[in-house]
Amino acid sequence: MPKVGNAVSPLHGGHCPPWLFKKMTQLSAAIVEAIIVEFGLDEVLRRFADPVWFQAFGGVIGFDWHSSGLTTVGLGALKTGLAAKQQELGIFIVGGKGKAAQQTPHEIDALGESAALSKDIGQLKDTSRLVAKVDSALVQDGFQLYHHVMIFTGSGQWTVIQQGMNDTQATARRYHWLSETVKSYIVEPHQGIVGRTMPHVLNLTEKSNVPLHKSSVKLTQRPEEVLLALRHLEEEAGEKKLIMPRHHGIPRSRYINKALQEIYRTSPDNYQDLIMTPGVGASTVRALAMVSEIIYGSPITYHDPVRYSFAHGGKDGIPYPVNRRNYERSLQVLEEALAKARIDDRTRMESLRRLAKVEFGTIKPAVT
């Protein structure tokens, strides 16, 4: 997947007007229902896992296409709009912003019971926690997760959309996952990440950092050696033995001692089990990676995993720098869905005008 330009999703305050939110709930649910009728349940998951399509979807239902609210409010509207139809349609949406994100496992349990879903659906709770842990601990890019939504079908297929914020820059970054393309949760698992590329991102899901996974697991059997190495690094932080970007400081040994002891007690068999150990977070996995570099000689590489992005557009005429084929496919699916959606004529025409403006007006797909 190519990188295409830069994305800036500013964090917006305030609230969506109630009348607009109501329209969003109706239109977003109608679009999803139309896609199910025309293309099937799995296509809904693929579409929401596609950052380009999702961006167009948010604009169509009426939100500022470039802002962080497109994700949080757009998916909140969809969740509300689908609430009464989930069992009938066979597609379910859980999670949300802030505290709602933390309720995701409970919502999965509740839906499993109310909709009489397969017992295997309970595995989605583990998936939800693992996906959140990967984007908060293994992708250390300066963005703190505050939004987590999972869309899934009765067969257990899923997509996850997460968003993180960077308070200093007042910008957001979005992470997309799709079950059918995930071969490993800890090795380049994302369907796409939308954001502004940044230097010195510690991406421990990158293939080149896989050797650090194995050596980190080995080190968990020697916690005292890890602590000694960290203390040594703290004392010699000014030397050139290990140069770390400012936002990836050397973890203080006294703060991760408890986490290392818990890892040692549980003896994880692999890196995925290691990161899911209670108390293990970004500092612990970063500490193990640093010590692995020193002891085993596996160099840490820094590479931002962002694969999709958008430039500011709109009245100033700057185009979306996206792949034209992907963009046109997004418009095609949305247009066909809107044509079949069971919505009133006025709302349909307003939505089609918005699409026409996106396609032919001030916001145009770039030729690539």
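Points to keep in mind about this one:
- Here the relative contact order of the range 139-198, from alpha carbon pairs under 8 Å that lie six or more residues apart, stands at 26 percent.
- The residues neighbouring D109, those whose beta-carbon lies less than 15 Å from its own, together hold a net charge of -1 under the Lys/Arg +1, Asp/Glu -1 convention.
- If you plug the beta carbon distance of I295 and S155 into 1/(1 + (r/R0)^6) with R0 = 35 Å, you get a FRET efficiency near 0.20.
- Shape analysis of the range 62-182 based on the Cα gyration tensor places the equivalent ellipsoid semi-axes at 25, 17, 11 Å, largest first.
- Point-to-point label distance, K85-H200, nm (Cα→Cβ direction, 7 Å offset): 4.9
- Least to most buried among L130, L20 (fewest other Cβ within 10 Å first): L20, L130
- Centre-to-centre separation between the Cα atoms of the range 20-51 and those of the range 112-163: 19 Å.
- Each Lys or Arg adds one and each Asp or Glu subtracts one; over the other residues with Cβ under 14 Å from the Cβ of G90, this totals -3.
- Highest average first, the peptides 41-52, 202-213 ordered by how many other beta carbon atoms sit within 10 Å of their residues are 41-52, 202-213.
- Length gained when the stretch H232-T181 is fully extended (0.36 nm per residue, less Cα-Cα span): 14.2 nm
We did not get these values from a lab; they are worked out from the coordinates using the rules stated. A quick note: this is a predicted structure, and the numbers were derived from the prediction, not measured. So basically every Cβ, Gly included, is an ideal-geometry build from the backbone, and we count neighbours across all protein chains shown.
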